[in-house]
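J.: Got a structure for you, written out below as structure tokens; questions coming shortly.
The values are calculated or read from the model by the stated rules, or taken from the named source; none is laboratory data. Everything numeric here is computed off the predicted structure, so don't read it as measured data. As a convention, Cβ positions derive from the backbone with ideal geometry for all residues, glycine included, and neighbour counts pool all protein chains shown.
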Amino acid sequence: MCYALSTRLPGFTLSEVAHARSILQADPRFLPVNVVSAFETYALLDDLRLPLSHVIYVERNGTRVSGVVQFYGVIQLFCGLGTSVSENTSDGLGVLDPLTGTERFSQLKSLALNFPAPITEEDLSGAGKSWLKKFENSAKARGATKPINLTGTFDYY
């Protein structure tokens, strides 16, 4: 998704996403090394969407091209796409509201999102609970009136 959105960056060239292209063309039995779970809160990104919306965000910052995907505004994946060939910063954002079906794509000023910090196995349970709580709060913000009882298990490898 980030790879596709990156093609909308001004002056985009395929060489900027060569790293991601090589991973996408590799053996699909292996997990992609350029995608990691992001458990931090990207508040600037959260402010650009309604609760429970999906987001694809890509930025070029002069040295790299990277992106973040948010599912339901909760589950986040950080994607390293490649090396920037332009010193200019540019960004793109795609938002899909699954409740209304509305989608929009826009150019933004760079949010300068940080690469996610690694998380330990011991911290994974708390991070997962944080995601579940964020999902519950988002559902309430969009009008959920019935009790929400979310549970799940988390594996990190």
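J.: If I filter the range 90-97 for residues that are more than 19 Å from the chain's Cα centre (by Cα) and modelled with pLDDT of 85 or more, do I get at least one hit?
T.: Taking every residue of the range 90-97 in turn, none turns out to be more than 19 Å from the chain's Cα centre (by Cα) and modelled with pLDDT of 85 or more.
J.: Now for a separate question. Suppose we filter S106, S66, S110 for residues that are of a type in the set (S, T, N, Q), under 16 Å from the mean Cα position of the chain (by Cα) and farther than 27 Å from V33 by Cα; which single one remains?
T.: Only one candidate qualifies: S106.
J.: Does G82 qualify as being free of Cβ contacts under 8 Å to residues at least 60 places away in the same chain and not in a helix (DSSP H, G or I)?
T.: Values: free of Cβ contacts under 8 Å to residues at least 60 places away in the same chain: no; not in a helix (DSSP H, G or I): yes.
Against the criterion (free of Cβ contacts under 8 Å to residues at least 60 places away in the same chain and not in a helix (DSSP H, G or I)), G82 does not qualify.
J.: Starting from the range 7-25, take each residue that is more than 24 Å from L108 (Cα to Cα) and list its partners that are at pLDDT below 85, counting only C-beta distances under 6 angstrom and pairs at least six apart or across chains.
T.: I23/P32
J.: Right, something else. Checking the condition more than 13 Å from the chain's Cα centre (by Cα), at pLDDT 85 or above, of a type outside the set (K, R) and part of a loop (DSSP other than H, G, I, E, B), which residue from G143, G73 passes? Explain how you work it out, then say what you get.
T.: Values: G73 fails: more than 13 Å from the chain's Cα centre (by Cα).
It is G143.
J.: Exactly one condition in (1) touching a helix residue (DSSP H, G or I) at 6+ places or on another chain (Cβ under 8 Å); (2) hydroxyl-bearing (S, T, Y); (3) surrounded by 12 or more Cβ atoms within 10 Å (Cβ to Cβ); (4) on the phi < 0 side of the Ramachandran plot is false for T151; which is it?
T.: Failed condition: (3).
J.: Still on this structure: Name every residue in the range 13-33 that is buried (at least 19 other Cβ atoms within 10 Å of the Cβ) and in a loop (DSSP other than H, G, I, E, B), in order of residue number.
T.: none
J.: Separate question: Being within 15 Å of G62 (Cβ to Cβ), touching a residue at least 24 places away in the same chain (Cβ under 8 Å) and loosely packed, with under 15 Cβ neighbours inside 10 Å is the filter here; which residues of the range 90-113 pass it? Break it down stepwise before answering.
T.: Filtering the range 90-113 for residues within 15 Å of G62 (Cβ to Cβ) gives 90-91, 109-113.
Filter again for touching a residue at least 24 places away in the same chain (Cβ under 8 Å), leaving 90-91, 110-113.
Those that are within 15 Å of G62 (Cβ to Cβ), touching a residue at least 24 places away in the same chain (Cβ under 8 Å) and loosely packed, with under 15 Cβ neighbours inside 10 Å: S110, A112.
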